[in-house]
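Written below as structure tokens is the structure these notes are about.
Computed from the coordinates by the stated procedures, all read-outs in this text should not be read as laboratory data. Small disclaimer: the values here were computed from a predicted structure and weren't measured. Virtual Cβ from ideal backbone geometry, glycine too; neighbours counted across all protein chains shown.
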Amino acid sequence: MQPHINHPTLPDDQAAEATEIKPKTGTRLPKEVRMQQIEFAALKVFRCRGYKDGSTKEIAKEAGVTEGLIFKYYPTKIQILENIICTWYDKALSQYLAQIQIIESLNDKLKYAISHNLECMCNDAEISNLYLELRRDRYFKSSRLLEYNKLYVGEMINVIKNIQDTHNTGREPIRPTLIAQMIYSMAEARSEPHRFGEKKINIQTTADEIYELFMRLL
């Protein structure tokens, strides 16, 4: 059974506060709470409208604040999305690193890495699509998400390298970075029908198929 991936939401009391507070009430909230309120509203807008079509004007209306206040905390709309995805990625990455460390078998580590990636993309298709959209943007390389991505991908690369070391065939092995890229590309492609609501996939079956294909490359 795969562990559940937690997704970014506000605690119930803060979520209620975020929907109840209206602009010009004179209520001053701490910066952290106000930013949570804006990000909570932005996530709702992005889920419904997508990142490109969701405007800061809509976010402000949903959050009950002025559009100017949003730009006080976030110079650009993409930085709101970055914060939302970082919250999601931080929880998923912490869980992933903790779990993979207690798995003893290298092969089981790889199976878990593949299934975890698929689960992240399928359990909350809307937010994973937002992440993939941001990853394709040139802003991604200067964002905090790049470091999250390096840690996440780096763990799989290490597992692949260790598996290759235990399967010494005498041939020049395929670069672990290339294999990791292939695995993630396959996971993204295989999850696409699920992420766009066309057809649900069986995560474990799909992960097993990707794993078996990798083993043939050894």
Potential extension, Met182-Asn168 segment - 0.36 nm per residue separation minus Cα distance: 2.9 nm
Sorted by Cβ neighbour density within 10 Å, fewest at the top, the residues Cys120, Cys86, Cys48: Cys48, Cys86, Cys120
Kyte-Doolittle mean at least -0.5, axial Cα span of 30 Å or more - DSSP H helices of the chain: 77-101, 145-166
At most 14 other Cβ within 10 Å, DSSP loop - GluC sites (Glu not before Pro), segment 33-132: Glu104
Computed [θ] at 222 nm, deg cm²/dmol, the chain (DSSP H ≥ 4; -39,500 (n - 2.57); rounded to nearest 500): -23000 deg cm²/dmol
Fewest-first sequence of Lys199, Lys91, Lys57, Lys111 by Cβ atoms within 10 Å of each Cβ: Lys199, Lys57, Lys91, Lys111
Calculated Rg and Dmax of the chain using C-alpha coordinates, Å: 19.9, 72
Length-normalised contact order for the chain - Cα pairs under 8 Å, 6+ apart - percent: 21
Cα-based reach from Lys200 at 19 Å (exclusive), listing aspartates and glutamates while leaving out same-chain residues under 8 positions away: Glu119, Asp124, Glu126, Glu188, Glu192, Asp208, Glu209
Cα centroid separation, segment 190-218 to segment 92-138 (Å): 13
Mean shadow area of segment 36-119, taken as a quarter of the surface of its Cα convex hull (nm²): 6.4
Diffusion coefficient, µm² s⁻¹, Stokes-Einstein with Kirkwood Rh over alpha-carbon pairs of segment 133-218 at 37 °C and 0.692 mPa s: 223
Residues Lys109, Lys141, sorted so that the one with the fewest Cβ neighbours within 10 Å comes first: Lys141, Lys109
Ordering of 184-197, 152-165 by burial proxy (mean other Cβ atoms within 10 Å per residue, highest first): 152-165, 184-197
